[in-house]
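Notes for the one structure printed next.
No value in this document is a laboratory result; all are computed from the given coordinates. As the structure is a prediction and not an experimental result, all values here were calculated from the model. When we count neighbours, we look across all protein chains shown, and the Cβ atoms used for this are built from the backbone with ideal geometry, even at glycine.
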Amino acid sequence: MILGQLAPAGGRLEVLGEPPHRGNPSIGYVPQGSVFDPELSIRGRDFVGLGVDGHRWGVRLGGRAKANADVSASLEAVGASDYADRPLGSLSGGEQQRLLLGQALVGRPRLLVMDEPLSHLDVRNQIAIVQLISEVARARGLTVLLIAHDVNLLLPHIDLVLYIAHGRSAIGKPSEIITSERLTEIYSSPVEVLTDSRGRVFVVGLEEEVSHPHA
Amino acid sequence: MRELAIHLTVSNTSPALSWNIFDDLAALFHYEFMVHAFEAGTIVAIVAGAIGYFVILRASAFAAHALSHIGFAGATGAVVLGVSPVFGLLAFTLVSGMTIGALGNRLRGRDVTIGIVLAWTLGLGVLFISLYRGYATEAYALLFGEILGISATDVAITLVAGVVTVVALTAIYRPLLFSSVDEDLASAKGVPVTALSIAFMAILAVAVTEAVQVVGVLLIFALIVTPAAIAVRFTSRPSIAILTGIVLALLFTWLGLAIAYYSPHPVSFFITSLAFFTYVGVRMSEPLRSRLGRRAAIAQAAG
């Protein structure tokens, strides 16, 4: 809906002060489950370049130097310069995710929408990507809307959390929402929020939710 | 038919190769039918090499193959109706191509659906051949190509169709590349992915119709798929890959024509063999090339 691909069933939606429309240049997007075909033979650099003008008709005629500079800057920002000239299909999941992020950032958006960018990564890469997103967002004053199943990795970085489960939702500051009581209420199954000796917060208990699903 | 007869007499008394390369080249262009063959072959190779890149990128090789076979039924049907086979070919490939395009690139059962339609249309083709007696030569030409029987008018038509396909492909180049790499992303960026998919298959249908003249419906892979498949193993830059595909398609066509001129065997055989053995050679040399690449990288790191 934010991307303008679906119309809301009811109510009114405004994105960055205007009605949602497809191809909004102020939004950078990383779609869900983007794993490229191993045979896909296109350079990461060309892929990020598609974020600049891939939606325009014809071939790139003018503005080549500026486009190349924008692409290089974006690759630098996500730390993907070293493998930007290798085929996309031959890269690891973490490398592909960085290039997807680079592609989303190249148009200098104000809002970054990421649909489960962590779901197919190993824990080390998940932490690295979250760190990267957080750094870029703070450096550029960017709003990030990130959809994830596991909140734990994100907890140190998020300002606002929206929980959606069993047709119920709750939105607010993590310190208000992520408490044992509130989460237990939302999921209608016992959830515990723990704090370790270094002050880090963990959410546990949703495992039971999976093994004993509520009808 | 008349031109085919000329071709047959020429083939039966294959010209001998001299040791003078200039004489040989001059002899190659001595006959008008060879000049036409080179002209049409060049146009078709450029179109096939260019569109082949997107066929590979979109993993639509089977769709491309199926298009030509479905076109066969259209061509034989046209002959039964007393119309030029090119029109039947074009009509069938266009309609089926745009239908395949509308099905979308992600549909899982797409290849099964295409295969089922393909089998039925080939059956139709057989029926049409049997309805038109004495048609075997024409059917043979459609199946395996008839590049030595191309008239000046055919060359002109091929040129027009070739220009149309290249211009259309250039016009949709960037969004087509985008939606071929990541359809979800392109769609979110406002690229009309389904319309592009249909447009691409329509362009492919025209390209297939052109290429059928050179290699026939059965051998279309050699010009549309093989050159691009080789190109993407060498480079992952889209523009370079397209150029490489065009150059390879041109080389296969020109060399195939030249060799066939000095031999009693059909042109299609040489074009497809050149394409096949180049592909095999490239795949077999890959372990060697990657080892050399690694060594160069290590040397660079050390130096």
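Using the membrane-span-like helix rule (whole DSSP H runs, Cα extent along the own axis of at least 18 Å, mean Kyte-Doolittle hydropathy at least 0.5), which helices of chain B qualify? Walk me through the numbers on the way to the answer.
Details: long enough: B:32-57 (38 Å, 1.71); B:61-80 (30 Å, 1.29); B:85-103 (27 Å, 1.80); B:110-131 (32 Å, 1.70); B:152-171 (28 Å, 1.98); B:193-215 (32 Å, 2.09); B:238-261 (34 Å, 2.01); B:267-284 (26 Å, 1.48); B:286-302 (24 Å, -0.39).
Qualifying helices, which must be both long enough and hydrophobic enough, are B:32-57, B:61-80, B:85-103, B:110-131, B:152-171, B:193-215, B:238-261, B:267-284.
So what is the relative contact order for chain B, in percent, with contacts set as C-alpha pairs under 8 Å and at least six apart?
Numbers: 423 pairs, mean separation 91.8, N = 303.
Across chain B, relative contact order equals 30 percent.
Pull up the DSSP beta bridges for the protein assembly as shown and report the antiparallel fraction as a percent, rounded to 5. Kindly include the intermediate steps, with their values, before the conclusion.
Values: 11 of 20 bridges.
Approximately 55 percent, going by the DSSP bridge assignments.
Order by neighbour count: A:Trp57, B:Trp19, fewest other Cβ atoms within 10 Å first, most last. Can you show the working numbers first?
On the way: A:Trp57 13, B:Trp19 6.
Fewest to most other Cβ atoms nearby, the residues stand as B:Trp19, A:Trp57.
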Gyration tensor on Cα atoms of chain B, a ≥ b ≥ c root eigenvalues, a/c under 1.5 rounded, else prolate if a/b beats b/c, else oblate, says oblate
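Taking a ≥ b ≥ c as the square roots of the eigenvalues of the Cα gyration tensor of the range A:1-158, is the shape rounded (a/c under 1.5), prolate (a/b larger than b/c) or oblate?
Details: a/c = 1.58, a/b = 1.09, b/c = 1.45.
Because a/c hits 1.5 or more and a/b fails to exceed b/c, the range A:1-158 counts as oblate.
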Once both axes come from the Cα atoms, what is the angle between helix A:93-105 and the longest principal axis of chain A, in degrees from 0 to 90, rounded to 10? 70
Just to confirm my numbers, what's the Cα centroid distance between the range A:25-65 and the range B:246-282 in Å? 35
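How high is the relative contact order of the range A:12-164, in percent, with contacts defined as C-alpha pairs under 8 Å that are six or more residues apart? Before the final figure, lay out the partial values.
Details: 191 pairs, mean separation 46.1, N = 153.
This gives 30 percent for the range A:12-164.
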Simple spin-label model, 7 Å along Cα-to-Cβ: B:Trp120 to A:Arg12 in nm? 5.1
I'd like the orientation of helix A:64-77 relative to chain A: the angle between its Cα long axis and the longest Cα principal axis, in ° from 0 to 90, rounded to 10. 30
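Which longest uninterrupted range of chain A lacks any GluC sites (Glu not before Pro) assigned by DSSP to a loop state (not H, G, I, E or B) and surrounded by at most 15 other Cβ atoms within 10 Å? The partial results should precede the final answer.
Details: sites that count: A:Glu14, A:Glu39.
With a cap of 15 other Cβ atoms within 10 Å, the longest stretch comes to A:40-215.
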Could you state the number of Å between the C-alpha centres of the range B:17-82 and the range B:140-209? 15
Antiparallel DSSP beta bridges within the range A:1-158, percent to nearest 5: 20
